[in-house]
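What follows is one structure encoded as structure tokens, with my remarks underneath.
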Amino acid sequence: MNPEIILSESLELQEKLVEIRRHLHSHPELGFDLQETYQFVHDQLVQMGYAPHKYGKMGLIATVGPTPKHNAHNIILLRADMDALPIQEETPLDYASSSGCMHACGHDMHTTMLLGATELLKKHENELKGQVVLCFQPAEELLEGAKDMIEAGVLRDTTPDAALMIHVTVGMPFETGTVVVCDGGVSAPAADYFEIHIQGTGCHGAMPQLGVDPITVASHIVTSLQEIHARELSMFDDAVLTIGSLHAGKAANAIPDTAELTGTMRAYDEEVRNFIKKRMAEIISSIATTFRAEATLEFTSGCPTLLNDATLSRDVSTYMKELLGPEKAFTKNELLSNNKSTKATGSEDFAYFSHEVPSIMLAIAAGNADTGCNYPLHHPEVTFDENVLSIGSSVYAYNAMRWLSTNEEG
């Protein structure tokens, strides 16, 4: 297939893609509660001639291309996430959300780009050398959507041999549409959300000897947990542990019964991740016992490290240079060697797919200061350059077409 034709055809979809994206942006929904978003994407797929299927709580799958032969190894999955964040939008856009939720991470961009790719792939279906699985996933921000779809059997039923995702970036010194392909190995850390519940004994603030102060226990826990990173990990073990909230008591002259802490832990290595979780439990239990309290640690959600397949990275890098040119397609290591990038610290639940199927993560530039996009992801004033929509659609589609062609069974 000719990359210039794919780019040209995707550009013809630009006006339609902007309309789709603005609808999604002005109607954001959270987590698995995506009834309107699900129905909108479902209807778009049906209009294009697809027969979408539901997986898990709110996942959506469609396929395009010939039914694979037995053990053919020519199925690729393309994934986009659909959920928003509980952030009140503060942009001046006339299609801004007013619901208290916002697509501040760009998932509306991802969904729109994959919908654009579905139209391109449908147009070229007779040329496909295998099958493309189009995966629209809920609850990425909760780090639960991919796991839910996998548990519902999406990989068992579609049996992909490769998987690919795109995430938009803003504020980076790149022209809109520039693609960065992750190199083989870990590109995003594992993440674990946790809650710590401390049970003390409440009493009058003037008679502390009659109670067990959970705030004192919480304070020691906060300080001690930071010692894991400071004194129990090597300087090469990249990890971070954050306590994001501490709630206890309401009265200034009373010691409360309980205290609750919440936080996150991230690590680039699964052994380091498991070590930190083990030490957290030991430290929390020991401190609580020392101060005559009780404490429990619960890991509420999370995801593993995101693993990029080295062969897929090499191949996709080649495809992107074919499509966009060498000046708009780079590998992560190429950028690092030029001191233009640093290690990503945000987690991504596509990681669950990456532990089951050879996978690759791509980043695509969607605006910078020159295009008026001055705020980072997850900011209430973040905006994106919509010119990236057609480019992103071509990136999804061309990668699928080229990979299938490369992996065609003889």
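The values are calculated or read from the model by the stated rules, or taken from the named source; none is laboratory data. Keep in mind it's a predicted model, so treat the numbers as computed, not measured. A quick note on method: Cβ atoms are made from the backbone with ideal geometry, for glycine too, and the neighbour counts reach across all protein chains shown. For the accessible areas, the whole protein counts, side chains as well, though only heavy atoms, and no ligand, DNA or RNA atoms are used. Shrake-Rupley method; radii C 1.70, N 1.55, O 1.52, S 1.80 Å.
Quick notes on this one:
- Counting only protein heavy atoms and a 1.4 Å probe, region 369-410 has 40 square angstrom of accessible area per residue.
- Annotation: region 229-328 has a Kirkwood hydrodynamic radius of 17.6 angstrom, from the mean reciprocal C-alpha pair distance.
- A Gaussian network model of the chain, with springs between Cα atoms under 10 Å, assigns the largest mean-square fluctuation among 326, 189, 86 to 326.
- 0 to 90° range, to nearest 10: angle between helix 35-47 axis and the chain longest Cα axis: 10
- Here the mean projected area of the convex hull built on the C-alpha positions of region 10-58 is 4.0 nm².
- Gyration tensor (alpha-carbon) shape descriptor, region 139-178, a/c threshold 1.5: oblate
- Computed over protein heavy atoms with a 1.4 Å probe, the carbon and sulfur contribution to the accessible area of the chain reaches 50%.
- Cα gyration tensor category, rounded, prolate or oblate, for region 113-235 with a/c compared to 1.5: prolate
- Taking only Cα atoms of region 33-163, radius of gyration then Dmax in Å: 15.6, 53
- Stokes-Einstein diffusion coefficient of region 35-86, Kirkwood radius over Cα pairs, 20 °C, 1.002 mPa s, in µm²/s: 166
- Sequence ranges 179-188, 394-403, ranked by mean other-Cβ count within 10 angstrom, highest first: 394-403, 179-188
- Overall Cα dimensions of region 63-113 - principal axes, largest extent first, Å: 52, 19, 13
- Helix 270-290 vs. the chain, principal-axis angle (Cα, 0 to 90°, nearest 10): 20
- Taking every protein chain into account, the accessible area of region 1-40 amounts to 53 square angstrom per residue (probe 1.4 Å).
- With each label modelled as a point 7 angstrom along the Cα→C-beta vector, the residue 260-residue 336 pair spans 4.0 nm.
- Which listed pairs, of 16/57; 54/123; 250/277; 16/328; 57/332; 54/147, have C-alpha distances above 26 Å, in listed order: 16/57; 250/277; 57/332
- Rounded, prolate or oblate (a/c below 1.5 giving rounded, otherwise prolate when a/b exceeds b/c) for region 178-288 by Cα gyration tensor: prolate
- Between helix 388-406 and the chain: long-axis angle, C-alpha atoms, 0 to 90°, nearest 10: 70
- Long-range tail of P(r) for region 91-147 (Cα pairs > 15 Å, %): 64
- Simple spin-label estimate for residue 296 and residue 73 gives 4.8 nm between the two label positions (7 Å along the Cα-to-Cβ direction from each Cα).
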